[in-house]
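Notes to accompany the following structure.
The values are calculated or read from the model by the stated rules, or taken from the named source; none is laboratory data. Here the structure is a predicted model, which means the values were calculated and not measured. As a convention, Cβ positions derive from the backbone with ideal geometry for all residues, glycine included, and neighbour counts pool all protein chains shown.
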Amino acid sequence: MTDVILETRALTKEFKGFTAVNDVNLAVQRGHIHALIGPNGAGKTTCFNLLTKFLVPTSGKILFNGKDITDARPAQIARMGIIRSFQISAVFPHLTVLQNVRIGLQRELGTSFHFWRSEKSLSRLDDRAMELLAEVDLTEFADTVTVDMPYGRKRALEIATTLAMKPELMLLDEPTQGMGHEDVHRVTELIKKVSAGRTILMVEHNMNVVSGICDKITVLQRGALLAEGSYAEVSTNAQVMEAYMGTTSTELEGAH
């Protein structure tokens with residue numbers, strides 16, 4: 001059996017009689033890029049919130065590296081190596097790109113979020129920060145104030161700050177949302193690049209992105225698991241096509 005890094009067993013979340021996530025059994029294999037897709041209201045973001053402990057499941061279990069983390073708190077999950085990036089770019093807008101990555105690296109010094117530390121104590125992180133910026137093709141932006149960056153580049157920076165936390169499992173929430181074609185392509189290539197030696201679970205609407213880089217796809221509908229497999233398998237699945245409003249497979253391939 002392939003090594004499973006993250007597993008959910010009968011994961012369920014109810015909100016006052018509404019079941020947002022319904023008995024979901026998910027197995028994310030180590031080293032894979034795994035996508036969670038589905039129509040609006042399918043329960044994808046709720047599922048992400050359960051995995052990162054921003055929500056508590058009504059029932060079911062979550063296991064990370066075989067360990068039950070169902071009752072763990074968000075900070076504990078992050079320390080274990082499950083790091084999430086958000087739909088809305090979560091960076092400090094008035095710091096430079098380099099300073100943003102350096103904050104992500106502070107954890108290694110044991111001075112996490114000690115913003116009052118001297119510049120000298122943080123400057124030793126600069127070499128590693130520059131390595132991370134090189135990994136996401138942002139070297140030339142190191143001294144740029146983040147607020148002045150193009151949107152797609154901000155998302156790349158967010159991936160760099162996520163990498164600074166040394167994730168074993170990266171959770172990417174709509175990484176290409178709101179982007180033009182060129183930025184979508186750049187960020188897609190970036191995800192493929194940084195996935196080497198890591199595991200990525202992503203929620204993504206853009207089927208072109210999913211088809212290009214994902215090893216496995218889980219389709220949710222109304223909170224329940226509808227289908228699972230490679231892109232070729234799920235894109236020709238009759239139930240999946242029906243879920244995307246009766247589209248043909250050709251339309252599904254181009255769906256955003």
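Filter the range 209-239 down to the residues that are at pLDDT below 90 and buried (at least 21 other Cβ atoms within 10 Å of the Cβ) and list them by number.
The one that is at pLDDT below 90 and buried (at least 21 other Cβ atoms within 10 Å of the Cβ): 235.
Residues to consider are 36, 55, 132, 98; find the one that is modelled with pLDDT of 90 or more, more than 15 Å from the chain's Cα centre (by Cα) and not in a helix (DSSP H, G or I).
Criteria check complete, one pass: 55.
Please give the number of the condition residue 242 fails out of (1) modelled with pLDDT under 90; (2) outside any loop (DSSP other than H, G, I, E, B); (3) farther than 22 Å from residue 20 by Cα.
(3)
Okay, residues lined up against (1) over 17 Å from the mean Cα position of the chain (by Cα); (2) farther than 17 Å from residue 187 by Cβ; (3) of a type in the set (A, V, I, L, M, F, W, C):
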{"site": "123", "(1), (2), (3)": "yes, yes, no"}
{"site": "136", "(1), (2), (3)": "no, no, yes"}
{"site": "152", "(1), (2), (3)": "no, no, no"}
{"site": "159", "(1), (2), (3)": "no, no, yes"}
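Please name all residue pairs, on different chains or six or more residues apart, with Cβ atoms under 9 Å, provided the first residue is in the range 44-72 and is over 16 Å from residue 25 (Cα atoms) and the second residue is part of a loop (DSSP other than H, G, I, E, B) and of a type in the set (Gly, Ala, Ser).
53/72
Across the range 171-208, which residue is surrounded by the fewest Cβ atoms within 10 Å (Cβ to Cβ) among those that are in contact with a Ser or Thr (Cβ under 6 Å, 6 or more places away or on another chain) and hydrophobic (A, V, I, L, M, F, W, C)?
The qualifying residue surrounded by the fewest Cβ atoms within 10 Å (Cβ to Cβ) is 184.
Going through the range 16-33 one residue at a time, which ones are in contact (Cβ under 8 Å) with a residue 60 or more places away in the chain and over 16 Å from the mean Cα position of the chain (by Cα)?
19, 20, 21, 22, 23, 24, 25, listed by residue number.
Being among the hydrophobic types (A, V, I, L, M, F, W, C) and not in a strand (DSSP E or B) is the filter here; which residues of the range 1-22 pass it?
Taking the range 1-22 and keeping what is among the hydrophobic types (A, V, I, L, M, F, W, C), we get 1, 4-6, 10-11, 15, 18, 20-21.
If the condition is that a residue be among the hydrophobic types (A, V, I, L, M, F, W, C) and not in a strand (DSSP E or B), then 1 is the only one that fits.
Exactly one condition in (1) within 16 Å of residue 200 (Cβ to Cβ); (2) among the polar types (S, T, N, Q); (3) at pLDDT 95 or above is not met by residue 12; state its number.
Answer for residue 12: the failing condition is (1).
Does the range 150-169 include one or more residues that are in a helix (DSSP H, G or I) and closer than 25 Å to residue 233 by Cα?
no
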